[in-house]
Amino acid sequence: MTPRLVSFFELNLGCCDPRRSIALPRQSPLGIYEHLSYRPTSAWPATCLCINCGRLFDNLEPDARFAQLELPDQGLPLPDLWQFEFECDRQSCERLRDIYTTYEAGAPEAEVKNAVFRNISTIRCSAGHEFAVNDATLKRMERFPW
């Protein structure tokens, strides 16, 4: 079989491991992920979580390289990219906050969710309200299809 090529942003998080990076799909010019063939924007208007050290990175600039990744037909799979969407629980706010992270390929949803909840207990919405990261504020979690 012929390997499949995927275009993505490779962002070096520069936290616990200098080689640690996260691969993010390209977005439309409006900053919305729509399809892997869309034109990249200058920044991801979201937060990335290093699942190893628990550090959050906001509004990442793509200072790392834009690359094409060859997905292997055999061998070790890439880590899964997960998107978590949380809703501020402050009365009448309801703003959404996205967090992206990578986790071992094929891991069960519950394992990934528990790892995220272990690493971060609170986050802030765009209005600055701090709220808990838990099952009540989690509105959606999704594994990106590479």
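A Förster distance of 41 Å, applied to the separation of the beta-carbon atoms of Arg95 and Cys16, puts the FRET efficiency at 0.90. Spacing of the modelled spin labels on Arg124 and Asp58, each 7 Å from Cα toward Cβ, amounts to 0.5 nm.
Each reported figure results from applying straightforward, stated rules to the coordinates on display, with no laboratory input. In this text the structure is predicted, and so the values were computed from the model without any measurement. For neighbour counting, all protein chains shown are included, and Cβ atoms are generated from backbone atoms with ideal geometry for every residue, glycine included.
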